[in-house]
Amino acid sequence: MTGTVRPSTADDFDTALKGSPGGNTALSRLKLIRWSDFSLVPVILVLMLIGFIVSPVFLTSDNLISVVQQSSELSLLVLGQALILICGRMDLSLESTIGIAPVVAMWLVLPPDGGRFAGLGLLPAWSAIPLCLLVGLVVGAVNGFLMLKLRVNGFIATLGMLTMLRGLHIGITEGKSITDVPESFRYLGKSEWFGAPAAVWICLVLFAIGGAALAWLRHGRALYAIGGNPEAARAAGIRVDRVTWIVLAVGGLLAAFAGILYTGHYGAVAATQGDGWIFQVFAAAVIGGISLKGGRGTLFGALTGVLTLQLVVNVMTLGGVPALWNQFLNGAIIIVALVVSRFASGERQD
Amino acid sequence: MEAQAPPPAVQAEGVVKRFGPTVALDGVKLTVRPGESHALVGRNGAGKSTLVGVLTGLHKADAGTVTFGGEPAPAFGDTAAWQSRVACVYQKSMVVPDLTVAENLFLNRFDENARWISWGRLRRRAEQLLSAYGVQVDPNTRARDLAVEQRQFVEIARALSFGARLIVLDEPTAQLDARGIARLFDRLRELQSQGVAFLFISHHLQEVYELCTAVTVYRDARHVLTAPVAEVAKEDLVAAMTGEKTAGATAWHAAGDAASDPAAEPVLSAERLSLPGRFEPLDLQVRPGEVLGLAGAAASGNTAVGEVLAGMRKAGGGTVRVRGRAVRAGSVPDALAAGIGYIPEDRHDQGLVPERSVAENATLTVTDQLGPWGTVLPSRTREFARGMIDSLDIKTQGPEQPVSGLSGGNQQKVVVARALARDPSVLVAVRPTAGVDVKSKDSLLGVVRRVADAGNAAVVVSDELDDLRVCDRVLALFHGRVVATFDSGWTDGELVAAMEGVGERE
């Protein structure tokens, strides 16, 4: 493949140089944009068209806002996972972190008597949010310790972490929902800023920060080098293990934050909070152009991946597809989206 | 050519191959006789790989004829028929590392008649096959435990067992040390005497002279020259490959009156530096303007010295200083900060992030200098990369092109750009010209020389005599010890002898 491409590129370069010395740069830059990052944009437009045809409700602002609101918690997990995948790692335990982090915070904060859920009441109510975030950070850091210090297989280690945290969640809550969450926990999930849920704005801002960091910060750029070839990154003076560790911890932090938004949104910590999400997370990241082997993809692509999945569910609901068929269609659409983006971009997905 | 001479092992006439608008082969010809070692040389992009593709049935020629032993080539896509005529041993291993040698030899054709695999019989067949070609490898060894040349023997034996009498060797010596090369060549000569023909593709002209009887040169997709090796002088061969008269490999040979002043304060100094199991304590001093060579074969520990200097490995003991400043052991960032630039041994392993652009790869070591507050500004990155592309003459579509799309020599220049990006006081280059063509080789070594001439120091770690010719001083390592020191006037014989750990050769 490279053998066939190489000679022509060299020639193109020569002729381009001779032809237009001035206008060459913008043109060549345009040629080298990775279109795979945008391959889902037409898919989203087609989905919106279908939605418009299927139901007049689709294009109302209420409906669209509810789609993005439902995307917001999933998208935070995708953001964390995307960063980790670009680094060439993976973390399955994110889907348990979104549940266990609020649970541990509630457990430490809620009083032992009075509510349906008996906590320990060790810490004041205001510390619920910092505690929750801390739990996420610790989970990510422990994953990092397992992968980077003990050098165990990341897939299996985080699979174990996923199962263990899920069990901890059920053990602490005795399999019941926690409904009496403190007011501070509810605020972000249910308030509205500028006519849209606060969670949506927060997600957009976090994606923008993440995208900017990957594009313009040296430590952000380093993620691509680490995922693309860790040895080359090390030889170039990048502290590979340290950066990876931080990214894993940030992934856990984002999952815990998603837990706060989700809990606030529904006013309770569900016993199955996050259960089974990790498949959606991976699907959204990969159809959005993030490589499972690391070193490739953008957060914009990951975000379009989340929106695509959520739009499909929404359009199907509006189209009157029975909810019992949702799971089947969801899986089917993941496969279709994968194939479409594979051929739209012309690149292999690894 | 007498009338009763056997038909050539392979004969290609007027082969044309286009990839889109690019003509990769333009009416080339090649004839290899039975029992001959035929070298095919040319710069990167000359069309060698494409021809190999055509000869092994991977590419379909657009025009021209190919015959094997006088018979026309099999139909395109008839893999089994191609396998029985020709095989290629690639640089990259084509064996399954976790299977045994026996399994690899008979992969997918374990037993034609039986339903179940008889492991005992498989092993006996493998033993017979290996001993028939004088290959001393235990068929029960896992392929991953083989030495590189043993792995190549196994691949050759497998090809011969299919009935192929023409073996293409694509850069077979790239990962071998001198001893391995000698073993490989002995085996090849033996097989030649049994009538096996070899097409030998190498950047190493010296090896062409050692092994081959005839040589064919391609340049820019065209056939330039075919002649018996004995009748072509090395300079003429280089001239045929490059299409110009070069001053030869000695253009930048260190002059006796090197600028280095023995009294000057050393730029790089190492004291009692050691890495247990790799090399014993050694002292190094490199003065401004000096290029120091660390010569040695694969297991000599010279590469480990380079890696320790660059911070890739943590030294077992001893200190490294750059202009008096101590460098923290095993820390690449500290080595970079101290002014050590590093060209790693294998650009695919440690040098490049293949998916990323030329600009990103070239600026990987200077991301802290490309914008305020930890930012990396794309405009400054491009500007920096353009400077590097110009000064090192990197052939690329532009700074944004993914580095995987460049030719080997240009990829290596990107690695060099990365090492030079911080204006290093000390440049540590490990086998800087591995797998690049003659012209790139010259310019890469010229870069090393220029770094030193600017008042800095350079360390070249290599077993290639051409690489070591830029050095003002060469230390030869053998089994982790410095066994000899040479000033620039060394002869090939003495240096090779020292690297081989023998007192005197020839």
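The values are calculated or read from the model by the stated rules, or taken from the named source; none is laboratory data. Here the structure is a predicted model, which is why all the values come from computation and not from measurement. As a convention, Cβ positions derive from the backbone with ideal geometry for all residues, glycine included, and neighbour counts pool all protein chains shown.
Scan region A:213-234 for residues that are part of a loop (DSSP other than H, G, I, E, B) and more than 7 Å from chain B (Cβ to nearest Cβ) and jot them down. Within region A:213-234, none qualify. Taking the conditions (1) crowded, with 24+ Cβ neighbours inside 10 Å; (2) within 14 Å of another protein chain (Cβ to nearest Cβ); (3) touching a Leu at 6+ places or on another chain (Cβ under 8 Å) in turn, A:L253 satisfies each one other than (2).
All of (1) without any contact (Cβ under 8 Å) to a residue 60 or more places away in the chain; (2) under 26 Å from B:V208 (Cα atoms) hold for B:A24 with one exception: (1). Residues satisfying the criterion are present in region A:278-288 (criterion: more than 24 Å from B:P402 (Cβ to Cβ) and surrounded by 24 or more Cβ atoms within 10 Å (Cβ to Cβ)).
For region B:51-61, a residue qualifies if it is of a type in the set (V, I, T) and without any contact (Cβ under 8 Å) to a residue 60 or more places away in the chain, and exactly one does: B:V54. Taken residue by residue, region B:117-126 has no member that is closer than 24 Å to B:I201 by Cβ and in contact with an Asp or Glu (Cβ under 9 Å, 6 or more places away or on another chain). Of all the residues in region B:348-359, those that are more than 7 Å from every other protein chain (Cβ to nearest Cβ) and free of Cβ contacts under 8 Å to residues at least 24 places away in the same chain number 1.
In region A:94-102, is there at least one residue being in contact with a strand residue (DSSP E or B) (Cβ under 6 Å, 6 or more places away or on another chain) and either at pLDDT 95 or above or part of a helix (DSSP H, G or I) (or both)? The answer is yes; a qualifying residue exists. As a summary of the residue check, A:S39 satisfies the conditions (1) at pLDDT below 85; (2) within 14 Å of chain B (Cβ to nearest Cβ) except for the one numbered (2).
Screening B:V470, B:V482 for residues that are buried (at least 19 other Cβ atoms within 10 Å of the Cβ) and under 19 Å from the mean Cα position of the chain (by Cα) leaves exactly one candidate, B:V470. When the criteria are applied in full, A:A285 meets the requirement of being part of a helix (DSSP H, G or I) and more than 8 Å from chain B (Cβ to nearest Cβ). For B:R158, the criteria (1) among the basic types (K, R); (2) more than 25 Å from B:G180 (Cβ to Cβ); (3) surrounded by 14 or more Cβ atoms within 10 Å (Cβ to Cβ) hold in every case but one, which is (2).
Would you confirm whether or not region A:91-110 contains a residue that is of a type in the set (D, E), in contact (Cβ under 8 Å) with a residue 40 or more places away in the chain and in contact with a Ser or Thr (Cβ under 8 Å, 6 or more places away or on another chain)? Yes, region A:91-110 contains a residue that is of a type in the set (D, E), in contact (Cβ under 8 Å) with a residue 40 or more places away in the chain and in contact with a Ser or Thr (Cβ under 8 Å, 6 or more places away or on another chain). With respect to being surrounded by fewer than 17 Cβ atoms within 10 Å (Cβ to Cβ), more than 7 Å from chain A (Cβ to nearest Cβ) and over 20 Å from A:G295 (Cβ atoms), B:D390 fits the description. Scan region A:321-334 and tell me whether some residue there is touching a residue at least 40 places away in the same chain (Cβ under 8 Å), surrounded by 14 or more Cβ atoms within 10 Å (Cβ to Cβ) and touching a Phe, Trp or Tyr at 6+ places or on another chain (Cβ under 7 Å). Looking for residues that are touching a residue at least 40 places away in the same chain (Cβ under 8 Å), surrounded by 14 or more Cβ atoms within 10 Å (Cβ to Cβ) and touching a Phe, Trp or Tyr at 6+ places or on another chain (Cβ under 7 Å), one finds none in region A:321-334, hence no. Can you say whether B:L40 is within 12 Å of another protein chain (Cβ to nearest Cβ), in a strand (DSSP E or B) and crowded, with 21+ Cβ neighbours inside 10 Å, as far as the supplied structure shows? Spelling it out, it is not the case that B:L40 is within 12 Å of another protein chain (Cβ to nearest Cβ), in a strand (DSSP E or B) and crowded, with 21+ Cβ neighbours inside 10 Å.
Screening the candidates B:L364, B:L377 for the property of being surrounded by fewer than 24 Cβ atoms within 10 Å (Cβ to Cβ), within 8 Å of chain A (Cβ to nearest Cβ) and of a type in the set (A, V, I, L, M, F, W, C) yields one hit, B:L377. Scanning region B:407-440 for residues that are among the aliphatic types (A, V, I, L, M) and either surrounded by 24 or more Cβ atoms within 10 Å (Cβ to Cβ) or not assigned by TED's automatic domain parsing to the domain that holds B:A457 (or both) gives B:V414, B:V415, B:V416, B:A417, B:A419, B:V426, B:L427, B:V428, B:A429, B:V430. Does A:L77 fit the bill of being among the aliphatic types (A, V, I, L, M) and not in a helix (DSSP H, G or I)? Taking the combined requirement at face value, the residue does not satisfy it. Tell me yes or no: at least one residue of region B:228-250 is closer than 30 Å to B:V32 by Cα and modelled with pLDDT of 90 or more. Within region B:228-250, one or more residues are closer than 30 Å to B:V32 by Cα and modelled with pLDDT of 90 or more.
Only one of the numbered conditions (1) under 30 Å from B:R347 (Cα atoms); (2) part of a helix (DSSP H, G or I); (3) of a type in the set (K, R) is violated by A:R166, and that is (1). Could you tell me whether region B:320-334 includes any residue that is surrounded by fewer than 17 Cβ atoms within 10 Å (Cβ to Cβ) and in contact with a Leu (Cβ under 8 Å, 6 or more places away or on another chain)? Scanning region B:320-334, I find at least one residue that is surrounded by fewer than 17 Cβ atoms within 10 Å (Cβ to Cβ) and in contact with a Leu (Cβ under 8 Å, 6 or more places away or on another chain), so the answer is yes.
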